[in-house]
Structures are given as structure tokens and as C-alpha cells.
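For reference, the structure discussed in these notes is given below.
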């Protein structure tokens, strides 16, 4: 079974010694000890590959399990003969992490911010995933695995939604107010995490249907999966992810067929006209919120407070994790905002651009923006070279581009990259995109001599 794909014969099954070399001791003159070292190193590489795949899948179920598997994958990678490498996007991300250290040095409470230092372990997914995933079949298996598990988590969310409907009826309460404070979450601890992950799954499913070469034989399963994930995303009532998903889906449709993209707003409006009343209320709340039920007012308070923090500490911010300290937060709340503050969660600023600038300084926010822009540029350039045919390369690149758009848009309304589960998935998606970029670059280089 060729799960995750295999490398060619010259490279061996996992980018190490050739298969025949391992079996034959790399020739009759090679000492037996060298043979066993090669075999052990090769096996460690294969285990690292499987553990990384399992870690990526586990993000949809348990972040603790995912992180344990990532640590094991890193250990086996270090023991293997697989050449370690970083994607190009690691450069601005490294700048962001370095500036986090700088901000911590100037923080009034460095001990509080050490949690962000421990969280840097997550970014090793860039090294591990990009080192072990080197072929399009491998990253495609990651995408297919996510689609399968994401559909299962969406199904769990739909069951949770039905239980909430029954609960509201049993208590004779208005469903909107009953549901809005405790929404569907799948296997996650919060609906924002669930929605962010399901957005990625939906975008991969749509990109698969629109750009993958083998979609016809799998359309019978891809469309129902997309319908289940899309329905769960709609019923999550997460407006920021709604907006981000629509923006990313518009991009995918525009890349596929501009007429389909033009029809999308009409379809959305018609859908809202016939949607159940609670969904209509939630959509309307984007521009006309209910005072204490919806979170619009408290988000504005968070953004304005974050802006005051940025003005006071533009270079290094108030310090990692300092925003979550109520004493620090209230110190920067503008004086013209009446007390008590609107109901809502004030543990972060509900905008990762403002969050990083306020917490760690403007340079940290610029590094994150640079990472998103660099990856989008690299993927767009590879897509420009890839032609118009259905290929796995275009499927992965378009899915990765859509996820960048979704992340960038939803980040305006939520600190989505502060969620370890969402961040881990996003890092794997970036690696998948860069694997496709590498395949595209190799194809262009191979065609150049022929053209000459």
C-alpha cells in the first residue's frame, strides 16, 4: 500500500538510500554495520513520515495528541537520513519569533509571557512537515485525510446542533439567545476553533472539486462531504469565518470560472432570503447587532484598546500575554468608552494584526503580514506557470492560496492564529503549498532545455 506516495527508485522510498542498496548492504564490499545503520536510518525516516501525517490528522481531534506525535516525528527525523529543510516562508516567521523574544525582554512581566516561548514548538511543524512531505501524492494524502476527518467532525457538530435545538424547545427559550453562547464545536473546546478548521476543510474540498484531476471518480463522495462541512460551518454561526470563507470561495470560483464567481453573491443573497430565521438574524447582526447578545460592540472596544497599546508601545508592545491581564487591558481602555464594558471575552483583541502589534510591537505584526504575503506571492507565481489543466499541483496551490485568504480575512475579526489547532493546520497547509511550488519549479526547469 503506497499511502502518502513513494519516491522514485533512485532516491529510495523515503528520500534516503535506494531500496536495493538497503537490501543488499549497498554492495558486497560495504561492511554489515553500515548496512544496518542505513536500514535503521531509513526506517526512522519512514516512521517520521507516518508520525507527521498522524500529527496533522490529530489536529482535528486532539491538539495534545497532535503535539505528542509532532515531538516523536521530530525525534525520528533527527535520527533519520532525511535531509532537513525549511520552506521560504520560514524567513519572516523566524523574524516574528525573534521579535517575540525581544518583546519578552522588555515586558514588565516576562514570566507571564513564557507561555508564548513554549508555544514556539508548534512552528517546528514547518521543519518536520516540509522535510518529510516531498511529493504531491504525499501532501494530497494529507488533504484527503483532512477531508475525511473534517467531515466526521462536521457530522459531530451537526448532532450537537440538533441537541441544542431540542434543548431550546424543552426549555421554551428563544433559540438564538439559547444557542449563541454555546455553539457547536465538534471535537474542539470552542466553536471558533471548530469553525476555523472546518473553513480549511471546506476550501480544500472545493479546490479538489474544481482543480483535481481525478475528481470524477470521487465526486460522489466529495460533494456530500462538502455539503456536510458547509452546513456545519453555516450552523456554527461564526460570522468572521462566514465572511472569510466567502472571500476565499470567491477566489476559488474566480480562478475556475469567472461567471460562477459572479453568480456567487446572488446565490448567497437568495440563500439568506430562504434561510431559517435564526440564521437570518445572525447574518443581519453583522451590521445590526443585538446589544448584549452579539459581540460587535466588545470587539470595537478591543480594537480601540489595542490601538492605544500600539500608540504607547509601538516597537516592542506591552509584552507577550500582557493583553490577557485585566489590569493591563483596563489601563489602556479609552476614557470615552462607558463602563461597564459590553459583555464579551476580553482575553485577546479579536484581530491578530492588532493583537501582535499591541502585544509584541509593530515589527512582529509586519513579520506575520510578510509571511502571508510571501507565501501568497510564491503560490501565485507557481499557479501562473502551471497552466490551466486539472492537476494535483493546481489543486494544492489553489487550496493553499484560499486558506491564506481565509486566514487573512478572518484575522481581521478574530485572533485565529493564536489558536494552536488552527495554527498547526495552517503551517502544514503552507508546507503543502511549498511542496507544490517545488514540483512546479522542477517542471519548469525540466521544460526549459527542451524548449531551447
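The values are calculated or read from the model by the stated rules, or taken from the named source; none is laboratory data. The shown structure was predicted, so the numbers you read here are calculated from the model rather than taken from an experiment. With ideal geometry, Cβ positions are generated from the backbone for all residues, glycine too; neighbour counts draw on all protein chains shown.
Computed values, structure above
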{"item": "Long-range neighbours under 7 Å by Cβ, at least six apart or interchain, first residue within 14 Å of residue 250 (Cβ to Cβ) within the stretch 265-281, second at pLDDT 95 or above and surrounded by 10 or more Cβ atoms within 10 Å (Cβ to Cβ)", "result": "268/246"}
{"item": "Test result for residue 381, outside the structural domain of residue 123 (by TED's automatic domain parsing) and either surrounded by fewer than 19 Cβ atoms within 10 Å (Cβ to Cβ) or at negative phi (or both)", "result": "no"}
{"item": "Those residues of the stretch 56-91 which are in a helix (DSSP H, G or I) and farther than 30 Å from residue 35 by Cα, in sequence order", "result": "56, 57, 58, 63, 64, 65, 66, 67, 68, 90, 91"}
{"item": "Conditions (1) at pLDDT below 95; (2) under 29 Å from the mean Cα position of the chain (by Cα); number of the one not met by residue 354", "result": "(1)"}
{"item": "Residue ID - nearest to residue 324 (Cα to Cα), chosen from residues in the stretch 357-373 that are in contact (Cβ under 8 Å) with a residue 60 or more places away in the chain and crowded, with 18+ Cβ neighbours inside 10 Å", "result": "359"}
{"item": "Filter pass, residue 114 being closer than 27 Å to residue 189 by Cβ and touching a helix residue (DSSP H, G or I) at 6+ places or on another chain (Cβ under 7 Å)", "result": "no"}
{"item": "Test: residue in the stretch 326-338 that is in contact with a helix residue (DSSP H, G or I) (Cβ under 8 Å, 6 or more places away or on another chain) and either farther than 30 Å from residue 110 by Cβ or exposed (fewer than 12 other Cβ atoms within 10 Å of the Cβ) (or both)", "result": "yes"}
{"item": "Members of the stretch 157-185 that are buried (at least 16 other Cβ atoms within 10 Å of the Cβ) and without any contact (Cβ under 8 Å) to a residue 60 or more places away in the chain", "result": "160, 164, 168, 178, 183, 184, 185"}
{"item": "Filter pass, residue 279 being assigned by TED's automatic domain parsing to the domain that holds residue 104, at pLDDT below 95 and assigned to a helix (DSSP H, G or I)", "result": "yes"}
